[in-house]
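First up is the structure itself, then whatever we jot down about it.
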Amino acid sequence: MSEILVFFLHGLAYAGLLFLVSAGLTLVFGMMNVLNFAHAAMYMLGAYFSYAIIMQLSGQFWMSLMVCPLVLFLIGALIERYLLRRVHAYGHVQELLLTFGLAYIIAELVKWYWGNYPLAVNIGKILVETVPIFGIIYPVYRIFIFIAAVLVGTAMALILYKTRLGIVLRAAVNDSGMASILGVNVPLVFMGVFGFGAALSGFAGVIAGPLLSTYPGMATSILVDAFVVIVVGGFGSLGGAVIASLLIGELQSFGVLLFPDLSVALMYLLMAAVLIVKPSGLFGEEQ
Amino acid sequence: MKQKYITLIRIFAIVALFVSAGLMPLLLPQYNLNMLTEIIIFALFAVSYNLLLGYAGLLSFGHAMFFGVGAYMTAIAIIHLPGLPIWSAVLIAIGATIVVGAVIGALLLRAKGAYFSLLTLAFNALFYAIATKWTSMTGGDDGLGITRPDLSLGFTIVSMATITNFFYLTLIVIGMGTLFCWYFTHTAMGGTVLLMRENEDRMKMLGYNTNISRLFLFIFTGAVAGLAGSFYTLHFRFVSLSAIDPMDVGATVLLITFVGGMKTFWGPIVGAFVYIMLQNYLSTVTDRWPLLIGLVFVLMVLFIPGGLSEVIVNMYQRFFGRKDRNDSASAAAEEAKS
C-alpha cells in the first residue's frame, strides 16, 4: 500500500514538471500557432544556468529560481522579436525550421561550454530532507515541485480568466486581426507570451536540474513527453494540459512499477488511443 | 520540338552523371569512395524526405524512424537468417518499413501542419525507445555488426567485401531508387501531392480523397527511406541507435534537405554532397562542426529559405535567363522562380 502511495506521489511530481513545460508550449501554440521546438531548449538552459549560479558562482538555489526565469524571459522575447517575427510571413514550416535550428544550436552551445556529460547540482539540505506524509516518509523536494506547479497553474488560470490582461490575451488567441483593430498591440502580446513560455520552461528546468541530473539530452526527453501531453490534452488547452500531465506523470510512474518492460511504450499507446478515439485531443476543439 | 530537345539533354545529363559516377572507383582513393557511397545513400534518403517537405509541405521529424527500421531490419535479418541473399535482406527491410508506414500513417491521417511534425517526432521517439530497450534484438547501445553478404546474380557470385563492388551496387540500386522518385513526381499521384500542398480544400471539392494521397505518400517515402537505411547498414556493416535517433540522423536529413533546397527535386542531392563533404572536412578541423552547421542552417532559414538550389537557379537565370524561362525540372522548380 505504502509503495503505491510512493509511486503515486512520484507521478504527481513528474506531472508538475510536465505541466510547467507543456503549459508554455500549448499557450504559445494556441496563441501564435507556432510549435516551438526550442521550448525544451529553454528548459535545458534553465537547468544549466542554475548550475552556473549555484555551482560555479556559489549562489543560492532560491536566487537561481528567481534569476533564471527572468533571463529566459528576455531570451525568449528576443527570439520572438528578432528571429521568429522575420519568418512568420513564410508560414509554419519556416517557423518550425527556425525553432528547430535554434534548439540544435543551443544544444551544441551547451555541450561546448558545459561538456557532454551529466552534471550534479548540489542544492544542499532541501534535496535530501524528508517529511512524514500519510504514514510514509517522503522527500520534501518532490512535494515542493508539485506545489510549485499547482501555484503556477492557478496563477495562470486566474490571470487568463479573471484579469483585463487575460481578456486581451484570449482576444489575441481568438482573432488576432480583430484584436489588433480594437487597439491591442498584438505583436507585443505575442512577444510577451513567447517570453513567458520560455520563462516557465526555464523555471521547470531550474527545479528539475537537481532532481533529474543536468545533461544535454534532457531537452529531447522532456520535449517528447510534453508533445505527448499536448496531443493527449488537446492543442492550446490549458485545462487539457493539466489533465494530460497528471495522466502521463502517473502512467510513467506506475508503468515502471507494474510493467517494467513495457513502461516506455505505455505513454505512446495512450497517445495512439487518444488519436484513434478523438484526434483533436481530450479537451481540444474539433478542427 | 523544343521540349523534345530539352528532354534529350536531360536524359543525356542523367546518363553522363551515372557514367561519371561509375568511373569514380578508377579515380578516387578508397577513403573518398567510402564517402561517395555514403553521399549516394544520404542523397536518396534526403530525396525521399523532400517529397514530404518540399512537395507536400509536410515537415516530418519522424523520417529517422523509417531509416532506422530499414537499417535495423537489414542487420537483424542478416544475423538471424544465415546465408540470406542480399536482395532478401533489403526486401525484408523495405517490407518492414511499409508496414510501419501504413500503421503510423493511418494514425496521423488527419494531421497537418505543426500537428504532423509533432506526432511524427512522438512516434519516432517510440521507435527509438524500443530500439534502446529491446537489447536482445537491437543490441541496445552496443549496436549490431554484420558481414556484408555476397551478391548472387544467378550465374555468378559477386563478392561484396570490397568497397568498389559495393559502390557499384549502391550506385545502381540507389540510383534507380532516385530515378523512381523522380518518375513519381511526374505521375498523377505526384501531381496530386503538389496540388494538395497548394490548396487542399479545392482538391477535396474536385473529388480527390486527400487523406488517401497523404497516406500513400507517407508509406512511399517511408519505404524509400527504408531502402536508404538498408544500404546504410550494408555500407557501414554496423547499425547503432544513431540510425533511428530523431535528433541524430533525423536532424541530418532535415539539414541536408534544407541546405540543398527543398524547392527542387535535385536540391537534396546537392545538399547531401555539400553536407557530407563539409562534415568530413570540418570534423578534422574542429570538434564544433555541428554548431557551425546549425548556425549556417538558421542563417539560411532567415535569408535563403530556398537553400543552395535557389542560389543556383537564381544564378543560372541571371546569366542564361531567357533560355531557361519555360524549362523546369519539376513543378516544384517552377515555384522557386516565382
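Summary table
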| quantity | calculated |
| --- | --- |
| Where only C-alpha atoms are counted, convex hull volume of segment B:125-229 per residue in Å³ | 170 Å³ |
| Share of Cα-Cα pairs in segment B:1-157 lying beyond 29 Å, as whole percent | 37 percent |
| nm² value of the averaged projected area, convex hull over the Cα atoms of segment A:223-287 | 4.1 nm² |
| Kirkwood hydrodynamic radius of the protein assembly as shown, Cα pairs, Å | 25.9 Å |
| Tail beyond 21 Å, pair distance distribution of segment B:243-308 (Cα, percent) | 19 percent |
| Segment B:39-114: C-alpha pair distances exceeding 21 Å, % | 35 percent |
| Compactness index (Cα Rg / 2.2 N^0.38 Å), segment A:165-287 | 1.27 |
| Interatomic Cα distance distribution for chain B, bins of 20 angstrom, percent | 30, 59, 11, 0 |
| Segment A:41-148: mean projected area of Cα convex hull, nm² | 9.0 nm² |
| Relative contact order %, chain B, counting alpha carbon pairs below 8 Å whose residues are six or more apart | 29 percent |
| Chain B: calculated mean residue ellipticity at 222 nm from DSSP helix runs of at least 4, using -39500 (n - 2.57) | -25000 deg cm²/dmol |
| Column: log10 I(q)/I(0), Debye, Cα scatterers of segment B:176-279, q = 0.09, 0.11, 0.14, 0.15 Å⁻¹ | -0.29, -0.43, -0.68, -0.77 |
| Segment B:225-267-segment B:98-143 distance, computed between alpha-carbon centres (Å) | 15 Å |
| Total lysine pairs under 30 Å (Cα atoms) in chain B, excluding pairs fewer than 8 apart on one chain | 14 |
| Rel. contact order, % - alpha carbon contacts under 8 angstrom, at least six apart, chain A | 37 percent |
| Dmax and Rg, reported as Rg then Dmax, of chain A (C-alpha, Å) | 18.9, 59 |
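No lab work stands behind these numbers, since they all come straight from the coordinates. All values reported here derive from a predicted model rather than from experimental measurement.
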